[in-house]
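Engineer: Please find one structure pasted underneath; my questions will follow.
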Amino acid sequence: MKQRTWKLPLYLLAVLLFGIKTYIVYRFIFDISLENSMQEFILLINPFVTAFFIIALSVWLKPRRQLTYMKWIMLIGSVIIYFNIIFYRNFTDFITIPLLFQGSNAADLGSSILGLLKVWDILLFLDVGIVWYIARKYGEELTVNLKKRYKVLALGLSILFILGNYILAEIERPQLLQRTFDREYLVKNIGLFSYHVYDAVLHSKSKAQRVFADGNELNDIVDYMENETTIQGKTDLYGIAEDKNLIFVSLESVQSFVINNTVNGEEVTPFLNDLIDDSYYFENFYHQTAQGKTSDSEFLVENSLYPSPRGAVYFTHAQNDYHSLPEMLNNNDYMSTVFHANNESFWNRDVMYENLGYDTFHDVKSYNVTDENTVGWGLKDKAFFEQSMPYLESQQQPFYSKFITLTNHYPFDLDQEDATIEKYDSNSRTLNQYFQTVRYTDEAIKEFFNKLKESGLYKDSIIVLMGDHYGISDFHKKAMSQYLDKEYTDYQHVQLQRVPFYIHIPGHDDNQVISKITGQIDVKPTLLDLLGIDDSNDLSFGTNMFLDERKPYIALRDGSFITDEYVYTKDQCFNRQTGELIDSTNNLSGKGEDSACQPYVEQVEKELSYSDEIIFGDLFRFHDFKDES
Ligand code: GP9
Ligand code: MN
């Protein structure tokens with residue numbers, strides 16, 4: 001008779017395989033930055049710690065059930081990892097619970113998702129296949145039947161490992177769990193699965209926050225805003241656009257690096273380049289969006305509050321009380337309209353727009369959409385502007401009209417006949433195509449300006465153009481670094497979050513390129529000033545971009561920030577001009593030294609949390625903005 005002296009129990013094999021797979025994913029698919037050997041060590045152990053915790057629970061079950069549990073838990077775990085990978089490839093970010101409730105967006109993602117799947121992804125399920133195969137072949141032979149005290153030991157060990165992992169992470173990054181904005185930190189230190197559990201806790205906490213809010217929370221926040229952010233003072237431009245129409249164009253995925261730049265020797269954005277001479281152009285203007293993408297950029301402009309750290313605030317807090325730009329304009333006899341040729345429910349816009357006080361929303365139903373005039377995400381930008389004109393012309397004036405373009409959206413598909421420049425040549429199809437669709441949008445804007453002139457609306461309007469968020473994610477680092485001919489560092493990543501911002505006032509001479517550090521949070525107070533609308537009762541985190549005395553930083557949603565002197569991100573403080581690393585707060589912490597960036601770090605975190613408190617607690621319902629209406 002064949003005698004086997006020792007056999008590896010299946011649950012240990014499963015832990016090993018699942019752990020190795022997870023580690024490979026962390027290391028080679030998620031682009032997680034590792035700054036020292038301690039971080040490398042934590043990243044190495046956490047896949048096994050988590051796998052052991054989840055899979056070793058099986059020893060408590062009867063042999064047959066052990067197999068079923070292991071097979072399914074590995075499959076579910078792998079699917080969770082895989083969904084995160086798909087999401088990561090597009091957004092360089094991890095899935096959050098609120099995102100899962102945005103199902104209505106998923107259906108529209110169609111062509112975008114296909115480009116994110118790769119054939120070799122099947123290998124990511126190899127460990128599952130092996131365990132399913134062995135379980136089938138050997139059945140209960142490889143299961144274990146432990147005495148109670150060994151079961152308790154297994155459980156005790158797995159809890160101990162988890163705690164040990166957490167303690168190491170806390171030593172490496174103090175207050176890890178308080179820094180909730182930076183998901184990469186969480187995944188790096190406690191692993192993807194613990195991160196999801198933690199995210200679920202945050203989710204319920206933010207849900208509960210509204211119920212327990214009573215308005216007193218607002219006192220400190222109002223003080224803070226009045227002292228630090230709502231800096232009062234009118235500029236020389238106050239009222240320059242009084243009673244004029246405000247035409248706001250959101251440029252899908254247009255980043256500043258294409259402006260005044262070339263591809264294969266040709267200008268990418270000839271019209272937008274020329275427009276700089278006739279506009280106020282802000283060359284250091286940052287997007288501050290997070291998972292809500294375009295909708296986050298809209299939220300920033302409409303409310304001068306930060307979008308949500310998790311999920312899209314357009315979904316999660318669409319019923320809150322706000323004191324929005326359209327509402328303030330409506331109180332000043334404007335009518336407000338949005339033009340966007342997508343489904344009205346995308347990003348929950350129909351619900352949110354109504355709450356924010358928009359009078360009309362021209363969604364896809366207002367347009368004649370055919371096979372010929374469609375590409376990628378829908379109606380092509382040129383047709384979009386053309387078909388919008390009759391609606392625009394028939395509006396009562398003064399109006400505020402927001403246009404949201406669509407053609408320059410990932411995956412940047414374009415019909416051959418619409419391409420007027422050559423593709424770029426790199427390993428990233430996304431970047432290669434991007435220049436062509438950006439050029440298309442540039443041409444569409446040019447046509448729109450001409451139409452405004454023909455219609456006579458031009459001279460009675462001011463036109464604001466803004467890039468909504470990045471188009472090229474970190475996933476295309478290599479190609480970007482080839483195009484920019486620079487190393488792609490964390491510093492570069494932050495600098496690439498700049499998006500174009502133009503204020504074009506027809507007939508105005510004193511135009512300038514403005515280099516101040518500005519961001520989407522500043523748009524609302526700036527526009528109100530130009531339109532001559534008193535905003536002294538408004539509460540906002542932005543400051544007028546034309547004021548000399550301004551809040552000294554722009555905060556990105558993950559806690560990174562930019563000041564005149566510094567760029568701070570992922571615990572590193574860089575010289576803004578040179579990109580040189582000055583110091584890393586991570587290495588300084590605990591040694592009594594301070595990073596050059598330190599004075600701002602806490603204020604930025606405080607400001608972001610205050611904004612979250614307003615939104616999660618729906619605190620504006622307790623505030624009287626003293627608008628006469
Ligand atoms: C879709 C448009 C693009 O309606 O806003 O969405 P995005 O993915 O950029 O947020
Ligand atoms: Mn967008």
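Engineer: Give 327, 267 a once-over and let me know the one that is assigned by TED's automatic domain parsing to the domain that holds residue 444, more than 26 Å from residue 515 (Cβ to Cβ) and surrounded by fewer than 23 Cβ atoms within 10 Å (Cβ to Cβ). It would help to see each step written out before you state the result.
Structural biologist: On the way: 267 fails: more than 26 Å from residue 515 (Cβ to Cβ).
Just one listed residue meets the conditions, 327.
Engineer: Moving on to the next point. Quickly run through the stretch 574-603 and pick out the residues that are part of a strand (DSSP E or B) and modelled with pLDDT under 85.
Structural biologist: Passing the criteria: only 584.
Engineer: Here is a follow-up. Report whether or not residue 406 is within 13 Å of ligand 1 (Cβ to nearest atom), of a type in the set (A, V, I, L, M) and either closer than 20 Å to residue 251 by Cα or surrounded by fewer than 22 Cβ atoms within 10 Å (Cβ to Cβ) (or both).
Structural biologist: Yes; evaluated as a whole, the condition is true for this residue.
Engineer: While we're here: Look at residue 320 and say whether it is away from ligand 1 (no atom under 14 Å from the Cβ), of a type in the set (S, T, N, Q) and buried (at least 24 other Cβ atoms within 10 Å of the Cβ).
Structural biologist: no
Engineer: A follow-up question, please. Got at least one residue in the stretch 374-396 being small (Gly, Ala, Ser), more than 15 Å from ligand 1 (Cβ to nearest atom), farther than 27 Å from residue 101 by Cβ and surrounded by fewer than 17 Cβ atoms within 10 Å (Cβ to Cβ)?
Structural biologist: yes
Engineer: OK, next. Test each condition in (1) closer than 30 Å to residue 147 by Cβ; (2) more than 29 Å from the chain's Cα centre (by Cα) for residue 126 and report the one that comes out false.
Structural biologist: Unmet condition: (1).
Engineer: Something else now. Can you pull out the residues in the stretch 409-420 that are closer than 13 Å to residue 381 by Cα and either outside the structural domain of residue 362 (by TED's automatic domain parsing) or within 11 Å of ligand 1 (Cβ to nearest atom) (or both)?
Structural biologist: If the condition is that a residue be closer than 13 Å to residue 381 by Cα and either outside the structural domain of residue 362 (by TED's automatic domain parsing) or within 11 Å of ligand 1 (Cβ to nearest atom) (or both), then 409 is the only one that fits.
Engineer: Another question about this same structure. How many residues does the stretch 233-256 hold that are away from ligand 2 (no atom under 16 Å from the Cβ) and within 24 Å of residue 550 (Cβ to Cβ)?
Structural biologist: Number of matching residues: 11.
Engineer: (1) modelled with pLDDT of 95 or more; (2) more than 30 Å from residue 482 (Cα to Cα): which one isn't true of residue 418, the others all being true?
Structural biologist: It fails just one condition, (2).
Engineer: So, restricting to strands (runs of 3 or more DSSP E) that lie completely within the stretch 227-343, which ones have at least 3 residues that are farther than 25 Å from residue 562 by Cα?
Structural biologist: Numbers: elements: 245-251, 280-282, 335-339.
Strands (runs of 3 or more DSSP E) meeting the threshold: 245-251, 335-339.
Engineer: Among residues belonging to the stretch 300-325 that are of a type in the set (Ser, Thr, Tyr) and farther than 19 Å from residue 539 by Cβ, point out the one that is farthest from ligand 2 (Cβ to nearest atom).
Structural biologist: To start, the set of residues in the stretch 300-325 that are of a type in the set (Ser, Thr, Tyr) comprises 304, 306, 308, 314, 316, 322, 324.
Cutting the leftovers down to farther than 19 Å from residue 539 by Cβ gives us 314, 316.
Details: 314: 12, 316: 18 Å.
My answer is 316.
Engineer: Starting from residues that are more than 16 Å from ligand 1 (Cβ to nearest atom) and crowded, with 21+ Cβ neighbours inside 10 Å, keep the ones in the stretch 471-482 and report whichever is farthest from residue 247 (Cα to Cα).
Structural biologist: Once the filter is applied, the top-ranked residue is 479.
Engineer: I'm trying to understand the selection: among the residues of the stretch 446-470, which are surrounded by 21 or more Cβ atoms within 10 Å (Cβ to Cβ) and either over 17 Å from residue 245 (Cβ atoms) or of a type in the set (S, T, N, Q) (or both)?
Structural biologist: Once the filter is applied, which keeps residues that are surrounded by 21 or more Cβ atoms within 10 Å (Cβ to Cβ) and either over 17 Å from residue 245 (Cβ atoms) or of a type in the set (S, T, N, Q) (or both), the stretch 446-470 yields 461, 467, 468, 469, 470.
Engineer: Within the stretch 417-426, does at least one residue satisfy the condition of being of a type outside the set (Ser, Thr, Tyr) and farther than 18 Å from residue 270 by Cα?
Structural biologist: Checked the stretch 417-426: at least one residue is of a type outside the set (Ser, Thr, Tyr) and farther than 18 Å from residue 270 by Cα.
Engineer: Between a first residue in the stretch 333-344 that is free of Cβ contacts under 8 Å to residues at least 40 places away in the same chain and a second residue that is within 16 Å of ligand 1 (Cβ to nearest atom), which pairs have beta carbons less than 7 Å apart while being 6 or more apart in sequence or on different chains?
Structural biologist: 344/350; 344/361; 344/363
Engineer: Of these, 345, 336, which one is buried (at least 19 other Cβ atoms within 10 Å of the Cβ) and of a type in the set (Gly, Ala, Ser)?
Structural biologist: 336 is the lone residue from the list that is buried (at least 19 other Cβ atoms within 10 Å of the Cβ) and of a type in the set (Gly, Ala, Ser).
Engineer: Within 16 Å of ligand 1 (Cβ to nearest atom), more than 20 Å from residue 529 (Cβ to Cβ) and in contact (Cβ under 8 Å) with a residue 24 or more places away in the chain: does that describe residue 256?
Structural biologist: Numbers: within 16 Å of ligand 1 (Cβ to nearest atom): no; more than 20 Å from residue 529 (Cβ to Cβ): yes; in contact (Cβ under 8 Å) with a residue 24 or more places away in the chain: yes.
Against the criterion (within 16 Å of ligand 1 (Cβ to nearest atom), more than 20 Å from residue 529 (Cβ to Cβ) and in contact (Cβ under 8 Å) with a residue 24 or more places away in the chain), residue 256 does not qualify.
Engineer: Six or more apart or on different chains, Cβ under 7 Å: which pairs go from a residue in the stretch 5-27 that's touching a residue at least 24 places away in the same chain (Cβ under 8 Å) and in a helix (DSSP H, G or I) to one that's surrounded by 21 or more Cβ atoms within 10 Å (Cβ to Cβ) and aromatic (Phe, Trp, Tyr)? Could you list them?
Structural biologist: 15/52
Engineer: All but one of (1) in contact with a Phe, Trp or Tyr (Cβ under 6 Å, 6 or more places away or on another chain); (2) within 13 Å of ligand 1 (Cβ to nearest atom) hold for residue 237; state the number of the condition that does not hold.
Structural biologist: For residue 237, the exception is condition (2).
Engineer: Here's another thing I want to ask about it. Tell me which of these residue 231 doesn't satisfy, since it passes every other one: (1) modelled with pLDDT of 90 or more; (2) among the aliphatic types (A, V, I, L, M); (3) assigned by TED's automatic domain parsing to the domain that holds residue 554.
Structural biologist: Residue 231 satisfies every listed condition except (1).
Engineer: How many residues are farther than 22 Å from residue 378 by Cβ and of a type outside the set (A, V, I, L, M) if we restrict to the stretch 433-453?
Structural biologist: Qualifying residue count for the region: 3.
Engineer: Of all the helices (runs of 4 or more DSSP H) wholly in the stretch 425-520, which have at least 1 residues that are hydroxyl-bearing (Ser, Thr, Tyr) and under 27 Å from residue 574 (Cα atoms)? Walk me through it before giving the result.
Structural biologist: Values: elements: 429-455, 477-484, 490-495.
So the answer is 477-484, 490-495.
Engineer: Residues in the stretch 462-470: is at least one assigned by TED's automatic domain parsing to the domain that holds residue 519, away from ligand 1 (no atom under 16 Å from the Cβ) and in contact with a Lys or Arg (Cβ under 7 Å, 6 or more places away or on another chain)?
Structural biologist: Yes, there is a match, as at least one residue in the stretch 462-470 is assigned by TED's automatic domain parsing to the domain that holds residue 519, away from ligand 1 (no atom under 16 Å from the Cβ) and in contact with a Lys or Arg (Cβ under 7 Å, 6 or more places away or on another chain).
Engineer: Could you grab me the full set of residues in the stretch 371-419 that are part of a loop (DSSP other than H, G, I, E, B), more than 16 Å from ligand 2 (Cβ to nearest atom), out of contact with any strand residue (DSSP E or B) (no Cβ under 9 Å at 6 or more places or on another chain) and not hydrophobic (A, V, I, L, M, F, W, C)?
Structural biologist: Residues satisfying the conditions are 371, 372, 394.
Engineer: Among the residues that make up the stretch 276-299, is at least one of them within 16 Å of ligand 2 (Cβ to nearest atom) and either of a type in the set (Asp, Glu) or over 27 Å from the mean Cα position of the chain (by Cα) (or both)?
Structural biologist: Checked the stretch 276-299: at least one residue is within 16 Å of ligand 2 (Cβ to nearest atom) and either of a type in the set (Asp, Glu) or over 27 Å from the mean Cα position of the chain (by Cα) (or both).
The values are calculated or read from the model by the stated rules, or taken from the named source; none is laboratory data. Treat the numbers as computed from the prediction; the structure is a model and nothing was measured. Note that each Cβ is placed from the backbone with ideal geometry, even for glycine, and that neighbours are counted across all protein chains shown.
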